[in-house]
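The values are calculated or read from the model by the stated rules, or taken from the named source; none is laboratory data. Everything numeric here is computed off the predicted structure, so don't read it as measured data. FYI the Cβ positions are ideal-geometry reconstructions off the backbone, even for glycines, and counts take in every protein chain you see.
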Amino acid sequence: MMHVGREFFHQSESERVKHYSADTKKTTRLSTSFNVSKEKVSNWRDFLRLHCYPIEDFIDEWPSTPVSFREVTAEYATSVRALVLTLLEAISESLGLVKDRISNTLGKHGQHMAINYYPPCPQPELTYGLPGHKDANLITVLLQDEVSGLQVFKDGKWIAVNPVPNTFIVNLGDQMQVISNDKYKSVLHRAVVNSDKERISIPTFYCPSEDAMIGPAQELVNEEEASHAIYRNFTYAEYFEKFWDTAFATESCINSFKASTA
């Protein structure tokens, strides 16, 4: 997957730009930075975003070059979905829930990926590939190349998550924090850029369908034991609209969905 992602961004600009769109609702699009309509400072990143579940609904709009792009991407997306479903069963059981509890909350399910391209940056101290943010979705599986760039915020400081060959990084997003009623936390992370090396990262985002109703699992709420619902119920579409209304999904975004008693 990393190979075809790199090949795509090494194509000519005239070939790549065929897929460019500033419409955040477009299901296949090439763009730059993160949210150019809201940002005051642009990020040092180009990306190709692809919706990929169910694959048959989207594969015909994916890039047809490189020639192996659709075949390789479809196989990769299918394999990552199988991994995510296994992870969701394990997370459900870790919360004391039946193993299909979280999966059943997601409606029809949604899955999309971004192929992030961070070119060498002449002044990396002046920008980020992506500034600090939390993912709006449920769970993210990240594939990264051998170039370091990912950092997570822990104990008051940014810590590099250096690449380990043949491994994935798994991030939990805001929807998991809500469903678990804060037992799991979404991860604050960012990407820094390099002065002399390009970097490719491929996050796959797994999320509820837009009409899915999200809220704390009732099995985790017990008013008699003061384990109240920290968040109100909302649709994923409602949350995602709020997410795109800001430059990034930070604490202020998820806090706006807290229950009035929280």
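Quick notes on this structure:
- Of all residues in segment 32-56 being charged (D, E, K, R) and under 20 Å from the mean Cα position of the chain (by Cα), the one that is surrounded by the most Cβ atoms within 10 Å (Cβ to Cβ): R45
- Spans of strands (runs of 3 or more DSSP E) in segment 117-209 with at least 3 residues touching a residue at least 60 places away in the same chain (Cβ under 8 Å) and farther than 26 Å from A74 by Cβ: 130-133
- Residue match in segment 172-182 (condition: surrounded by fewer than 21 Cβ atoms within 10 Å (Cβ to Cβ) and touching a Ser or Thr at 6+ places or on another chain (Cβ under 6 Å)): yes
- Residue in segment 222-235 that is loosely packed, with under 15 Cβ neighbours inside 10 Å, modelled with pLDDT of 95 or more, on the phi < 0 side of the Ramachandran plot and of a type outside the set (K, R) present: yes
- Selection of segment 13-25 for residues being at pLDDT below 95 and charged (D, E, K, R) yields D23, K25.
- Sole residue being farther than 30 Å from E219 by Cβ, in contact with a Pro (Cβ under 8 Å, 6 or more places away or on another chain) and either basic (K, R) or exposed (fewer than 13 other Cβ atoms within 10 Å of the Cβ) (or both), chosen from R29, R70: R70
- Single residue of G107, G96 found to be surrounded by 14 or more Cβ atoms within 10 Å (Cβ to Cβ), outside any helix (DSSP H, G or I) and on the phi > 0 side of the Ramachandran plot: G107
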